[in-house]
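**Student:** Submitted below is the structure of interest, expressed as structure tokens.
The values are calculated or read from the model by the stated rules, or taken from the named source; none is laboratory data. Because the structure is a prediction, the values reported are computed rather than measured. Note that we place each Cβ from the backbone using ideal geometry, even for glycine, and neighbour counts take in every protein chain shown. Just so you know, the surface numbers come from the protein's heavy atoms only, side chains and all, with ligands and any DNA or RNA stripped out. Shrake-Rupley method; radii C 1.70, N 1.55, O 1.52, S 1.80 Å.
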Amino acid sequence: MKPTQQKQFDKTAFQNSVKKHLTSTYATTLQTATSRAWYLAMGRALAELTTFDLLETEHDEKIRHAKSVNYLSLEFLIGRLTGNNLISLGLYSQVNDAMNELGQHLTDLLEEERDPSLGNGGLGRLAACFMDSLAAQEFPCVGYGLHYEYGLFKQSFALGRQQEAPDAWRSVEGYPWEVARPNLAQEIGFYGQVEVYQENGEERRRWVPGMTVKAMPWDMPIVGYESDTVYPLRLWECRAIAPFSLASFNNGNYFEAQHALIDAGNITKVLYPNDNHEKGKTLRLMQQYFHSAASVRDILRRHEEIGHSLESLPDYETIQLNDTHPTIAIPELMRILIDEKGLSWDDAWRISSKTFAYTNHTLLPEALETWSEALLQHLLPRHMEIIYQINHLFLKEVREKWPGDVSKQRKLSIIQEGFHRMVRMANLSVVGSYAVNGVAALHSNLVKRDLFPEFHELYPTRLQNVTNGITPRRWLKFCNPDLSELITSKIGDQWPTDLDQLEAISQYADDPQFQQQFMAVKKANKQRLADWVESNMGIVLDTNAIFDVQIKRLHEYKRQHLNMLHILSLYHRLLNEPDFDMAPRVVFFAAKAAPGYHLAKEIIYALNKISERINGDPRINDKLKVVFIPDYRVSIAEIIIPAADVSEQISTAGKEASGTGNMKMALNGALTIGTMDGANVEIREEVGDDNIYIFGLDVDQVEALHANGYNPYDYYHADPLLKASLELLLGDEFTPGEPGKLRVTYDSLLDGGDPYLVLADFAAYVQAHEAMDRQYRDQAGWAKKAILNTALVGKFSSDRSIRDYVNNIWKLEAVKR
Ligand SMILES: *Cc1c(COP(=O)(O)O)cnc(C)c1O
């Protein structure tokens, strides 16, 4: 680590730069500038420093000649950059002082930044953590994504129901941290046809698109922690080419393009708001191809600019596909190598299949992407030909391995047969990649056992595991400064780049003085959250209560409705069991539902109505509160996570591939209540059984229950507390005068068949909560467990995830500047 930035920082020059931007960029004066103008001007002044380092890194000869990873993702949920970049630059306190002298408070200015919400949830946030860890460890890299005009919708509630509003994250002024790179723009085609022609007696093919658009890159700086290395997150924006489609107008294709009713500005207009669900829309496929094509061309440009041969592409560039969303990059690279560069099929395939690696993020069938063959054929006719040829050669391999076994061919084929033939993007990704990884040990084993067993037999070394991680810079040092200081006071300040060092904190787990300091920090963080809730939602909270937190996308498999049933059971018991006692508890939710996901929106509605009633019910004496915080996003996660006592990770076993929210909260000293799912399994391994509350069915038991015919009514009739809790949803307890308004959730759990086994896990879940409640009343014992959580989760640093990729998959080296 080189604190060079600190030496270089020239306060007066910086202040002059801020003032210059205030006047010349934002046309205001020192006297009249709003807080927002100050934030923007400060951001621009800081971005001057990072743009300089970005270009220095880009032109560094050692880096240009080293092997790089290209992380392709349709989502990067980066969160606000200003505060985090100040930490990475090592300039937080200097800039704080500099702005103070200008009469501004840094913390207020940081609140002016809108989150760039360019992702849905875990998958996009993972991509952001990975970029941070790549830059921090100085591994040569480029992140490639899309420059959506509108990020994930903004959520508000009207009478308890979710409302969606567009998220114009750049506002009218633009985002201060991004820089346009017009010289690196690309042209991208769609539609049209494939022409066959002769060259030197050989038959060759070329794609003549019917519509062409421009891909304009915007670079966001990913600042290496306390280093001068800045790598780009390159986001492509779609623009019309002027004069629009003149060539296609002349050859008659103009109307075909018109017919699609797509104008160029549309392609990157908005992020699709579905998490773990695919909806086969044309415009989404256009986004995917636009992103892949622009990125592959940029990668080849860099490779060829240094004079490297195409044959050596896999020695210098590796391309990581974040889920199947960028999979069309595989046929795109093949097309360029064969049609544009004149390589043979075999040479092109040897290069391509050593360049791509694929990360699988889910086993949920509704999330596994397939695209209509007819749509692909129409939009990308040459790519469809290449996919057929890849499949043809692959099925030959399958026949050689399993002669005469048609069912194997049918199951593994990239093309799914049927009335509407579909292209299976996961199969294409496995066939076209040199490595495939799941995102936690359990998930990777299920990928081998249940999702791709035949692929695993055919390619025994291809399927691997890389357990997800989170960046400790944003998710501890930045979001929890008090805990960071306490840790540093004990073990020094090197832990943010070597998180295993936190283990040394365990020696203080029994130390009463340290316990008291640790819990005082937690209390202050709870107060910060309580203040936020009071001023933004008007709800007053007691920070002595257990802060019980479930924050993540709203999805049946994540089972917010199991948590809801627990709340209903507590409410029922507080009102009906005279001897029932419990530690005061505040249950927090934050979650967006996909706009078209009806049941998820009904669950939000039910939780809001339950919250309204319980929070105002004098009979329960403030023992229980429910707070549903609107508009879940990175910046609100940064306030909630340091304040959590209890981390809810209660997905049906086998459904949550990894989770990363679980890691963030454990790192900040929350105790997990969770199922044996995703990375919970590994968190338990690290912190030990005594310091986590595991409950419920495991993967095998879930499978057995389904196989034996699960009937939720069996549980309903056998468990009076469950029955009473569920029936609260039928009356008008939470919707006075309007009984039955919450019954959609009730019905889904009974007549709907309860596909995620909420009722089957209810009793065990209630018991686990009772054990936590007892433990909370012994504050010293609780403190010990909380400290051990922070101390023992160093494994979940995304620095370790990236080193796993580097060592086991990418095989590349850090380059120190
Ligand atoms: C970490 C994070 C997620 C992922 O949470 P899970 O609990 O792993 O689903 C989603 N959204 C935001 C804003 C996050 O910070």
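**Student:** Confirm whether residue 347 is touching an Asp or Glu at 6+ places or on another chain (Cβ under 8 Å), open to solvent by 10 Å² or more (accessible area, probe 1.4 Å) and among the charged types (D, E, K, R).
**Tutor:** Here the answer is yes, as residue 347 does meet what is asked.
**Student:** Six or more apart or on different chains, Cβ under 9 Å: which pairs go from a residue in the stretch 601-619 that's at negative phi and without any contact (Cβ under 8 Å) to a residue 40 or more places away in the chain to one that's surrounded by fewer than 23 Cβ atoms within 10 Å (Cβ to Cβ) and among the small types (Gly, Ala, Ser)? Could you list them?
**Tutor:** Here the result reads 611/160, each pair linking the stretch 601-619 to a residue that is surrounded by fewer than 23 Cβ atoms within 10 Å (Cβ to Cβ) and among the small types (Gly, Ala, Ser).
**Student:** Evaluate the following for residue 166: is it within 22 Å of the chain's Cα centre (by Cα), more than 16 Å from the ligand (Cβ to nearest atom) and surrounded by fewer than 16 Cβ atoms within 10 Å (Cβ to Cβ)?
**Tutor:** In short, yes.
Conditions tested, residue by residue: (1) more than 16 Å from the ligand (Cβ to nearest atom); (2) closer than 24 Å to residue 769 by Cβ; (3) over 28 Å from the mean Cα position of the chain (by Cα).
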| position | (1), (2), (3) |
| --- | --- |
| 479 | no, no, no |
| 484 | yes, no, no |
| 514 | yes, no, yes |
| 523 | yes, yes, yes |
| 530 | yes, yes, no |
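**Student:** Another question, if that's okay. Which condition number in (1) assigned to a loop (DSSP other than H, G, I, E, B); (2) open to solvent by 10 Å² or more (accessible area, probe 1.4 Å) is the one that residue 808 fails?
**Tutor:** Among (1) assigned to a loop (DSSP other than H, G, I, E, B); (2) open to solvent by 10 Å² or more (accessible area, probe 1.4 Å), residue 808 violates only (1).
**Student:** Another question, if that's okay. Quick one: in the stretch 544-567, of everything that is under 17 Å from the mean Cα position of the chain (by Cα) and of a type in the set (A, V, I, L, M), which residue is farthest from the ligand (Cβ to nearest atom)?
**Tutor:** 554
**Student:** Just a yes or no: is a residue in the stretch 748-755 touching a residue at least 24 places away in the same chain (Cβ under 8 Å), open to solvent by 10 Å² or more (accessible area, probe 1.4 Å) and at positive phi?
**Tutor:** yes
**Student:** Let me ask you something else. Answer yes or no as to whether residue 511 is without any contact (Cβ under 8 Å) to a residue 12 or more places away in the chain and over 25 Å from residue 80 (Cα atoms).
**Tutor:** Yes.
**Student:** For residue 94, only one of the following conditions fails: (1) under 29 Å from residue 271 (Cα atoms); (2) open to solvent by 10 Å² or more (accessible area, probe 1.4 Å); (3) in a helix (DSSP H, G or I); (4) not acidic (Asp, Glu). What is its number?
**Tutor:** It fails just one condition, (1).
**Student:** Also, I was wondering about something else. Do you know which of the residues in the stretch 307-317 that are open to solvent by 40 Å² or more (accessible area, probe 1.4 Å) and not hydroxyl-bearing (Ser, Thr, Tyr) is nearest to residue 814 (Cα to Cα)?
**Tutor:** 315
**Student:** Of all residues in the stretch 2-28, how many are polar (S, T, N, Q) and at pLDDT 95 or above?
**Tutor:** Qualifying residue count for the region: 8.
**Student:** Counting just the residues of the stretch 756-788 that are hydroxyl-bearing (Ser, Thr, Tyr) and part of a helix (DSSP H, G or I), which one comes out least open to solvent (accessible area, probe 1.4 Å)?
**Tutor:** Among those that are hydroxyl-bearing (Ser, Thr, Tyr) and part of a helix (DSSP H, G or I), it is 765.
**Student:** Just to check your reading of the model, which residue among 485, 457 is of a type in the set (D, E, K, R) and free of Cβ contacts under 8 Å to residues at least 40 places away in the same chain?
**Tutor:** 485
**Student:** Separate question: Which count do you get for residues in the stretch 488-499 that are surrounded by fewer than 17 Cβ atoms within 10 Å (Cβ to Cβ) and under 21 Å from residue 801 (Cα atoms)?
**Tutor:** Going through the stretch 488-499 one residue at a time, the tally reaches 2.
**Student:** Now for a separate question. Restricting the stretch 436-475 to residues that are basic (Lys, Arg) and more than 16 Å from the chain's Cα centre (by Cα), which is most open to solvent (accessible area, probe 1.4 Å)?
**Tutor:** This residue is 449.
**Student:** Of all residues in the stretch 136-163, how many are within 20 Å of the chain's Cα centre (by Cα) and over 30 Å from residue 735 (Cβ atoms)?
**Tutor:** Total meeting the criteria: 12.
**Student:** Output the residue which, of all residues in the stretch 517-568 that are free of Cβ contacts under 8 Å to residues at least 12 places away in the same chain and touching a helix residue (DSSP H, G or I) at 6+ places or on another chain (Cβ under 9 Å), is farthest from residue 608 (Cα to Cα).
**Tutor:** 520
**Student:** Within the stretch 274-285, is even one residue assigned to a loop (DSSP other than H, G, I, E, B), at pLDDT 95 or above, open to solvent by 10 Å² or more (accessible area, probe 1.4 Å) and on the phi > 0 side of the Ramachandran plot?
**Tutor:** no
**Student:** Which residue, of 89, 102, is over 22 Å from the mean Cα position of the chain (by Cα), away from the ligand (no atom under 16 Å from the Cβ) and buried (at least 24 other Cβ atoms within 10 Å of the Cβ)?
**Tutor:** From the options 89, 102, the qualifying one is 89.
**Student:** Additional query: Taking the criterion of being touching a residue at least 60 places away in the same chain (Cβ under 8 Å), within 16 Å of the ligand (Cβ to nearest atom), part of a helix (DSSP H, G or I) and open to solvent by 10 Å² or more (accessible area, probe 1.4 Å), would at least one residue in the stretch 108-124 satisfy it?
**Tutor:** yes
Okay, residues lined up against (1) under 14 Å from residue 787 (Cα atoms); (2) surrounded by 23 or more Cβ atoms within 10 Å (Cβ to Cβ):
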{"residue": "486", "(1), (2)": "yes, no"}
{"residue": "504", "(1), (2)": "yes, no"}
{"residue": "507", "(1), (2)": "yes, no"}
{"residue": "516", "(1), (2)": "yes, no"}
{"residue": "524", "(1), (2)": "no, no"}
{"residue": "534", "(1), (2)": "no, no"}
{"residue": "550", "(1), (2)": "no, yes"}
{"residue": "565", "(1), (2)": "no, yes"}
